[in-house]
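Single-structure report; data block below.
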Amino acid sequence: MRNYAASGQQATCTTTLKTALGLTGGTTTRPAIQQLLIGTSSTPADNALTWIAQRYTAAGTSTAVVPKPLNSGDPVCIATAGQNHSVEPTYTANEFLFKLALHQKASHIWQALPGCEWVLPATASNGVGIGALSAAFTGALDASIVFAD
């Protein structure tokens with residue numbers, strides 16, 4: 001497997017889940033998410049956010065992000081990524097891979113233990129979305145992932 005990275009942003013957080021970054025596999029690939037980095041780039045304030053990583057069955061509408069190979073000699077990634085969703089993905093109910101309450105001033109890195117990566121199915125339009133919601137915060141959400149494809 002080859003390793004890739006993708007970063008995305010959601011311009012505005014609200015009281016409902018807003019997806020900052022989505023990773024979508026395909027029928028010929030099963031990407032495995034190894035690392036997740038989350039935070040905000042907005043002016044620091046005292047706000048709480050709930051960050052979520054959740055499986056989806058339709059990718060929604062977003063701005064394309066081209067995953068970059070960590071080894072410059074590797075080919076273009078088969079999986080696709082998207083940021084700043086204007087139409088949210090169709091999330092699978094209760095398929096949370098990650099849920100964390102985090103202060104706006106804090107950033108967080110999640111690292112998979114070997115063999116515990118989040119693996120996407122080899123099914124068209126299926127993937128994992130990373131985003132947040134907040135009762136008070138309305139700024140930008142930032143997310144990055146490292147994955148094998």
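The values are calculated or read from the model by the stated rules, or taken from the named source; none is laboratory data. In this text, all values refer to a predicted model and were calculated from it rather than measured experimentally. For neighbour counting, all protein chains shown are included, and Cβ atoms are generated from backbone atoms with ideal geometry for every residue, glycine included. Quick note on the areas: whole protein, heavy atoms, side chains included, nothing else; ligands and nucleic acids left out. Shrake-Rupley method; radii C 1.70, N 1.55, O 1.52, S 1.80 Å.
The residues in segment 59-87 that are among the hydroxyl-bearing types (Ser, Thr, Tyr), more than 18 Å from residue 11 (Cα to Cα) and surrounded by 14 or more Cβ atoms within 10 Å (Cβ to Cβ) can be counted, and the count is 1. Considered as a group, the residues in segment 42-69 that are of a type in the set (Ser, Thr, Tyr) and within 16 Å of the chain's Cα centre (by Cα) include one that is nearest to residue 110 (Cα to Cα), and that residue is 50.
Scanning segment 23-41 for residues that are more than 14 Å from residue 129 (Cα to Cα) and either open to solvent by 60 Å² or more (accessible area, probe 1.4 Å) or of a type in the set (A, V, I, L, M) (or both) returns 27, 28, 30, 41.
The C-beta contact set for segment 71-94 (first residue of a type in the set (Asp, Glu), second residue open to solvent by 60 Å² or more (accessible area, probe 1.4 Å), distance under 9 angstrom, 6+ apart or interchain) comprises 74/2; 88/16; 88/61. Residues in segment 4-20 include at least one that is open to solvent by 10 Å² or more (accessible area, probe 1.4 Å), of a type in the set (A, V, I, L, M), assigned to a strand (DSSP E or B) and within 19 Å of residue 98 (Cα to Cα). What's the total number of residues in segment 124-136 that are under 20 Å from residue 42 (Cβ atoms) and either open to solvent by 10 Å² or more (accessible area, probe 1.4 Å) or modelled with pLDDT under 95 (or both)? Residues that pass the stated criteria total 3. Scanning segment 88-110 for residues that are closer than 25 Å to residue 47 by Cβ and either open to solvent by 60 Å² or more (accessible area, probe 1.4 Å) or part of a strand (DSSP E or B) (or both) yields a total of 14. In contact with a strand residue (DSSP E or B) (Cβ under 9 Å, 6 or more places away or on another chain), surrounded by fewer than 21 Cβ atoms within 10 Å (Cβ to Cβ) and part of a strand (DSSP E or B), is that true of residue 56? It is false that residue 56 is in contact with a strand residue (DSSP E or B) (Cβ under 9 Å, 6 or more places away or on another chain), surrounded by fewer than 21 Cβ atoms within 10 Å (Cβ to Cβ) and part of a strand (DSSP E or B).
The lone criterion from (1) of a type outside the set (S, T, N, Q); (2) modelled with pLDDT under 95; (3) under 16 Å from residue 24 (Cα atoms); (4) open to solvent by 50 Å² or more (accessible area, probe 1.4 Å) left unmet by residue 44 is number (3).
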